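The structure under discussion appears below in the form of structure tokens.
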Amino acid sequence: MDKQTVQKVAKLARLKINDDRAEALAKDLSGIFKWIAQLDEVDVTGIEPMTSVSGQQAYRRPDVVNDGNKRDDILANAPEEAEGFFVVPKVVE
Amino acid sequence: MTNFTDLTIKQALDGMAKGEFTSAELTAAHIDAVANARVLNAFIVETPELAMEQAKASDTRRKSGTIGLLEGIPIAMKDLYCTKGVQTTASSKILEGFIPTYESTVSQNMLDQGMVMLGKVSCDEFAMGSANITSGYGNVISPWRAKDDTKPRIPGGSSGGSSAAVAARIALGATASDTGGSIRQPASVTGLVGIKPTYGRCSRYGIVAFASSLDQAGPIARSVEDCAIMLQAMAGWDPKDSTSVNMPVPDFTKALGQSIKGMKVGIPKEYRMEGMSPEIDTMWEQGKKWLRDAGAEIVDISLPHSQYGLAAYYIIAPAEASSNLARYDGMRFGLRVDGKDLTDTYESSRAAGFGAEVQRRILIGTYVLSAGYYDAYYTKAQRVRALIARDFEEAYKHVDVILTPTTPGSAFAIGEKQDDPVKMYLEDIFTVSVNLAGLPGISVPAMLDSHGLPLGLQLIGKPFDEETLFKVGSVLEKAANFTAKPDMGWMNA
């Protein structure tokens, strides 16, 4: 893991990281991934990835409206709101 | 004169039932205790007025015959649980000032059973850590000190505020959560009982998500019985959490004190590590003897993929975390730091709001899920996870429960193990596989080590067999007779 890779991943994760930290993180993460590499030893032939813990089907409910009309609750923690809308930076030019 | 803060939950329930004291008296004593223990930095928000309101309402309800499982009991709530009208931060600066407009299912269940909430206790940020040194609101300090030095000690993590509060006798019990060991490890290093139930036993609705396939809610308290009482109040199917399982919640307290004659207890040979501390080994042998003396049969078993649990965990958990923490973008809630455009706002908000460990794990998770690496890392880890779960399934064909140490050592000093992240990760070596397999696990205090610090024994159970954990756990508890309390003289120095 090098500094450039860290910056690429930081971009994907929408995290601003300055060059010095990227350097230090590259070192940290390289160490962690070297340790993780022990999984290469494991033979997983014929083993399906475990995607469900309890093995149960997702619970389904009747397709009826059972929630809503909570605009003020939804906006209660907004960093910026106006006239019942979230105010956000411009997305489209 | 009742020493209110030294009671167990069971003793407090009995005392109030007999009319010996009220919840108002019990709660007032705890509010004072919380105020006098601020040096521990266990609480992020104290809610004394709310607590007294709830206590008085409880006393009124009791007069009309309504008595819930936790009626009038003062509890500390981990700040990972959304509490309506009360700040919830997940111990992160990115949620400073966030006040949920809804209640988590587990805390609502507890309120329905008469709980009194003393406040929100600190934890590692977004539950990521094993020492409570990554909280955005400062380290939590354990009330325990080693007998031979004055170094501040960790209360464990991530649920360090929970364990510190209960060990310091400023709350009768605390809610906690466990993704890789965050209930059991803090319990072990503070001489308390903590149980992580089976995945799906408690609802995750309203609990700030870290790793959705691993997170579970659970209690930390001073006795096996107290944990049984708390878990019964907390657990239950929730249609709002599609991973919660629709199974009846038994009366866990009925499992206590039952005979374990003829039960088979598995000892996994892979958990005996090279270079393991002799004290941990001694404690483990002592645990085996206690169970043998109670009529159980000790059986050697193998969990062949144990050594890969931590590595698999440190792919899966960060991957799920990177996805769960994407919502903290400064748009609809949480910290917003204005940038030159939308992307810059995202990047600046998240950089300012998340601490170093959280950022590190988001980066690991993002990397292992990224194009070109997904199969090599994430899918591979999921397949290793399947093997670990299968190891346990195989073992449970031959044994009823598994006994291991909870932690590789006692509470280390704040500041240790910070030069290398992997050193800190190894704290969870005995606990993570339990989360990967979705099984229940309990830690019961066993003894003090040569420094006078607590150590716990872990029992791992079959899916949805928390009853066996309480049954066998109460045998260990009785045999261990762990009565040590932290010497808190240093707190008033």
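FYI, it's all coordinate maths here, none of it is from the lab. Source: prediction; values computed, not measured. No Cβ is skipped: glycine too gets one built from the backbone with ideal geometry, and neighbour counts run over all protein chains shown.
Compute the acute angle (0 to 90°) between the alpha-carbon long axis of helix A:19-36 and the principal axis of greatest extent of the alpha-carbon atoms of chain A; round to the nearest 10°. Tilt of helix A:19-36: around 70 degrees.
Please give me the summed charge of the neighbours of B:Thr105: other residues whose Cβ is under 15 Å from its Cβ, Lys and Arg +1, Asp and Glu -1.
-1
If packing is taken as the average count of other Cβ atoms within 10 Å, what order do A:70-78, B:424-432, B:197-205 fall into, highest mean first?
Working: A:70-78: 13.7, B:424-432: 23.4, B:197-205: 25.3.
Per-residue mean Cβ counts within 10 Å order the peptides as B:197-205, B:424-432, A:70-78.
From the gyration tensor of the Cα coordinates in the protein assembly as shown, what semi-axes in whole Å does the equivalent ellipsoid have, largest first, with each one equal to sqrt(5λ)?
Details: eigenvalues 235, 190, 110 Å².
So the equivalent ellipsoid measures 34, 31, 23 Å along its semi-axes.
Of the options B:Ile67, B:Thr406, B:Ile170, report the single residue whose Cα projects farthest towards the positive end of the charge dipole of the protein assembly as shown (beta-carbon charges: Lys, Arg +1; Asp, Glu -1). Most positive-ward Cα: B:Ile67. Across chain B, Cα-Cα distances exceeding 42 Å account for 11% of all pairs.
What's the local net charge at B:Asp251, with K and R +1, D and E -1, over the other residues with C-beta under 14 Å away? Before the final figure, lay out each step's value.
Numbers: positive: B:Lys10, B:Lys254, B:Lys471; negative: B:Glu225, B:Glu466, B:Glu467.
Its environment carries a net charge of 0.
Dipole size of chain B about its Cα centre, with +1 on Lys/Arg Cβ and -1 on Asp/Glu Cβ: approximately 400 debye, rounded to the nearest 20.
A cut-off under 15 angstrom between Cβ atoms defines the neighbours of B:Leu457, and their net charge, with Lys, Arg +1 and Asp, Glu -1, is +2.
The label-point distance for A:Thr45 and A:Ala58, in a model that sets each label 7 Å from Cα toward Cβ, rounds to 3.5 nm.
Each label was represented as a point 7 Å from its Cα along the Cα-to-Cβ direction; for B:Asn3 and B:Glu20 these points are 1.4 nm apart.
For A:Glu81, nonlocal amide neighbours, meaning residues 5 or more places apart or on other chains whose placed amide H falls under 5 Å from its own, are A:Val87. When the pairs A:Lys34/B:Lys340; A:Lys34/B:Lys196; B:Lys240/B:Lys485; A:Lys27/B:Lys462; B:Lys340/B:Lys417 are compared against a 32 Å limit on Cα-Cα distance, A:Lys34/B:Lys340; B:Lys240/B:Lys485; A:Lys27/B:Lys462; B:Lys340/B:Lys417 fall above it.
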